[in-house]
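Presented below is the structure to which this report refers.
Since every read-out is calculated from the coordinates, none of them should be taken as a lab result. From a predicted model like this one, the values you see are computed outputs, not experimental measurements. Quick reminder, even Gly has a Cβ in these numbers, built from the backbone with ideal geometry, and neighbours come from all protein chains shown.
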Amino acid sequence: SAVISQKPSRDICQRGTSLTIQCQVDSQVTMMFWYRQQPGQSLTLIATANQGSEATYESGFVIDKFPISRPNLTFSTLTVSNMSPEDSSIYLCSAASGRFDEQYFGPGTRLTVT
Amino acid sequence: EDQVTQSPEALRLQEGESSSLNCSYTVSGLRGLFWYRQDPGKGPEFLFTLYSAGEEKEKERLKATLTKKESFLHITAPKPEDSATYLCGGGGSNYKLTFGKGTLLTVNP
């Protein structure tokens, strides 16, 4: 299993600003993902972070709003850009050894936009 | 479109009172059915993967089973420390996980 850390654990941001969330895995992994979790809702996949190439975004999520980097096999960042109160949520990073393997999740970043 | 539905939304049990959580799925080319436990303020913790109908897996007081349309998480003689939200996710042919909204389990002493 992989151990995943995220920074920051929580933040309160002003409308119109951007926040970058970091995700670090303790071992090399093939797959890294970013999810959003809103109260009472399912985990929603934002994008798959691809090492060495552009992330693959899900319907309803765009690169300009959620730019993602993945410079190597253990690290990824998600930026939430030009934030509005609707972006208030928990953002989770996950990792898996292979495309169809179980995913391990980080502790999440709780974002509040005022 | 892949879909996963969990029931009930919330379940309250007395310590020692066994029960089951349900996960109904419609996932194209199911590659695996995943169960997670999530405690408040934490990320989901992996519990089980089930790959084919008829498969069962156990861990302490938990047993997960899988049919062609649904999965069950059976909790035998639960303890207060089993209180958490249990999430079910289906992994399809496109490798992405589709999650249900979860079942909030509360076990009273």
In whole Hz, with x marking every Gly and Pro, tabulate ³J(HN,Hα) for region B:59-71 from phi via Karplus 6.51 cos²θ - 1.76 cosθ + 1.60, θ = phi - 60°. 8, 6, 8, 9, 9, 10, 10, 9, 10, 6, 10, 8, 10
List, in the order given, every pair from A:Lys7/B:Lys63; B:Lys42/B:Lys69; B:Lys59/B:Lys101; A:Lys65/B:Lys63; A:Lys7/B:Lys69 whose Cα-Cα distance in the structure shown is over 32 Å. A:Lys7/B:Lys63; A:Lys65/B:Lys63; A:Lys7/B:Lys69
³J(HN,Hα), Karplus 6.51/-1.76/1.60, whole Hz, each residue of region A:6-13, x for Gly, Pro: 10, 9, x, 7, 7, 7, 10, 10
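Given a Förster radius of 30 Å and the C-beta distance between B:Glu58 and A:Phe100 as r, what FRET efficiency does 1/(1 + (r/R0)^6) yield to the nearest 0.05?
The formula returns an efficiency of 0.85 here.
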Bridge orientation stat for chain A from DSSP, antiparallel percent rounded to 5, came to 90 percent
Can you tell me the relative contact order of region A:40-85? Whole percent, Cα pairs under 8 Å, sequence separation 6 or more. 29 percent
Under 4.7 Å Cβ to Cβ, no partner at all: give me those cysteines from chain A, in residue order. A:Cys13
Comparing A:Ser97, A:Ser84, A:Ser59, which has the greatest mean-square fluctuation in the GNM of chain A with Cα pairs linked when under 10 Å apart? A:Ser59
Taking θ = phi - 60°, what integer Hz values does the Karplus form 6.51 cos²θ - 1.76 cosθ + 1.60 yield along region A:76-85, in sequence order, with x for Gly and Pro? 8, 10, 10, 10, 9, 9, 6, 5, 10, x
Within region B:33-99, which chymotrypsin sites (Phe, Trp or Tyr not before Pro) sit in a loop by DSSP and count at most 15 neighbouring Cβ atoms inside 10 Å? B:Tyr51
